[in-house]
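The values are calculated or read from the model by the stated rules, or taken from the named source; none is laboratory data. Keep in mind it's a predicted model, so treat the numbers as computed, not measured. Here the Cβ positions follow ideal geometry from the backbone for every residue, glycine too, while neighbour counts run over all protein chains shown. Ligands, DNA and RNA are excluded from the accessible area calculation, which covers all protein heavy atoms including side chains. Shrake-Rupley method; radii C 1.70, N 1.55, O 1.52, S 1.80 Å.
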Amino acid sequence: MTSQTANQKRSPRKISWDVLRVVAVYSVVIQHITHQSPINHAELGPYPFVLPLQFGASTLLVISAFFVCVTVRRGATKRWLFSRVARLLPAYLVAVVLTYAVSRAVAAQFGWYLPTHTDLVANLFLVQAWSPEFHWVDASYWTLPVQIMSFLIAALLWPRGWLRGKALPITLWTLVVAPVVIRFAWRHDDAAQWIKSAFDGLALHRVALFGVGVAIWLWTRHRMSGAHLAVYLVAVLVAQDAHSYFVDTPSTIAFGVVLVGIVAAAGGPDWAVLRGLTRPVQWLAGISFGVYLVHQELGFVLARYLLDKGIGPWGRLLACSAMAVLLGWAITKLVERPAHRWLTTHGPTAWAWLRGRAQQPGQPQAPRSGSVPIRPVPAVLPASQPSTAAAGPATSREVDEWAAMASSQVR
């Protein structure tokens, strides 16, 4: 066992990552309630205050990319990919169906857009952005196709060496420069629809966020200098502002401030001053993916019902925030965690059975490396972890789970 591996196994879970995740997700919730809902439905405003800064989803994608680098190097890549997808997709699919059903039920009453069966299928298959004929069941779901695509690309590129060595800096800078060139050279308002569909469907205006996560990880491994990282982060911020045609620079600045926090969490000591908040912060971080999935469109529906009942701005704000936490906890406890546990326990066995059924009778089945079933892991770590060498295997799984939690959002 190398000293680095031993340190990983003995390292307790850092509260700094949970704090960043909570700040990111719940800033998205407040921004969508106070700023986005009156834009989508004018009757839902105003609120007592407005948070117009959009940085939470971008923060989650950067954290996701960082922990992709942490976890993709461990064990078989296919098992890693299966575990990541098994954590995201079941809860997402349930949230899509739930949001679609509620939207269908209230659309005529409120005079809102009535989602179609085509919209449902497009959202279930994560192709909402590929055609103007498709509508988002919930606009906040834009991060899911991006994240799944990033997992697939990482699983493809890592075994081929594209995420290490001399090719990596070229790849990182391509993620920044190429989308900007495409945006201003080809993807304009008058561009052909196939260009718009490809650009938006691949989320090329956001792929640099994954480059940020990778760059920060390289810096923590002493494979990128601090000066190079600083230049890269500034370039990404300028590129992101350019993609929005420099009309939302305050959000870009806010995102830059959060990036400083991510760098501090990745390369510095844990934020011990916040240790007294460990349990509530870990709990909120543990349900953050569920909160992200159910907070926006369902929050708009609740806000409209409350408005019709005469509830004031503060009451609507508090009720929608509480609903996001309550439903987020429910979908985490009832769907995300049990589905991930079941899939990672029985999925490899089911796949092996299918392969055996497809094999010709009498032909021996050769064992393959990496075919060991994935062991289930708890969805939330305990508040404190033992740091003894005897706890090596268990603590290693907990570190994997900690990384998987941070990499699952999206959000």
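Between Leu274 and Trp173, take the C-beta separation as r, use R0 = 25 Å, and let me know the FRET efficiency to the nearest 0.05.
Numbers: r = 35 Å, r/R0 = 1.40.
After rounding to 0.05, the efficiency reads 0.10.
Sorted by accessible area (1.4 Å probe), largest first, how do Trp219, Trp130, Trp314, Trp17 line up?
Trp314, Trp130, Trp219, Trp17
Could you tell me the accessible area of Met149 in Å² (1.4 Å probe, neighbours in place), rounded to the nearest ten?
Ignoring ligands and nucleic acids, Met149 comes out at about 50 Å².
Give the residue list of trypsin sites (Lys or Arg not before Pro) in the stretch 91-195 that are DSSP loop and have at most 16 other beta-carbon atoms within 10 angstrom.
Those satisfying the criteria are Arg164, Lys166.
Sequence neighbours fewer than 8 away in the same chain don't count; with that in mind, list the aspartates and glutamates whose C-alpha is under 17 Å from Lys309.
Partners found: Glu43.
Apply the a/c threshold of 1.5 to the C-alpha gyration tensor of the stretch 242-310 and tell me whether it is rounded, prolate or oblate.
oblate
Identify the residues of the stretch 271-301 with backbone N under 16 Å of a label point that sits 7 angstrom from the Cα of Val257 along the Cα-to-Cβ direction, or state none.
Hits in the stretch 271-301 for Val257 at 16 Å: none.
On full extension of the chain, what length is gained from Ile195 through Leu326, given 0.36 nm per residue of separation minus the C-alpha to C-alpha distance?
My answer for the length gained is 43.1 nm.
Extending each Cα 7 Å along its Cβ direction at Arg73 and Thr349, get the distance between those two points in nm, one decimal.
Between Arg73 and Thr349, the label points sit 3.3 nm apart.
Just add up the charged neighbours of Leu202: K/R +1, D/E -1, any other residue whose Cβ is under 13 Å from the Cβ of Leu202.
Taking every other residue near Leu202 into account, the sum is +3.
If you count only protein heavy atoms and use a 1.4 Å probe, how large is the accessible surface of Arg79, to the nearest 10 Å²?
80
Using label points projected 7 Å from each Cα along Cα→Cβ, tell me how many nm separate His222 and Trp314, to one decimal.
Modelled inter-label distance: 5.5 nm.
Rounded, prolate or oblate: which fits the stretch 1-142 when a ≥ b ≥ c are the square roots of the eigenvalues of the alpha-carbon gyration tensor, with rounded for a/c under 1.5 and prolate only if a/b beats b/c?
Oblate, because a/c is 1.5 or more while a/b does not exceed b/c.
Could you compute the net charge surrounding Ala339? Neighbours are other residues with a C-beta less than 12 Å from the C-beta of Ala339; K and R count +1, D and E count -1.
+3
If the viscosity is 1.306 mPa s and the temperature 10 °C, what translational diffusion coefficient in µm²/s does Stokes-Einstein give for the stretch 76-183 when Rh comes from Kirkwood over Cα pairs?
Answer from the Stokes-Einstein relation: 98 µm²/s.
Excluding residues on the same chain fewer than 8 positions from Lys333, give the lysines whose Cα lies under 25 Å from its Cα.
Answer for Lys333, where 25 Å is the Cα cut-off: Lys14, listed by chain and number.
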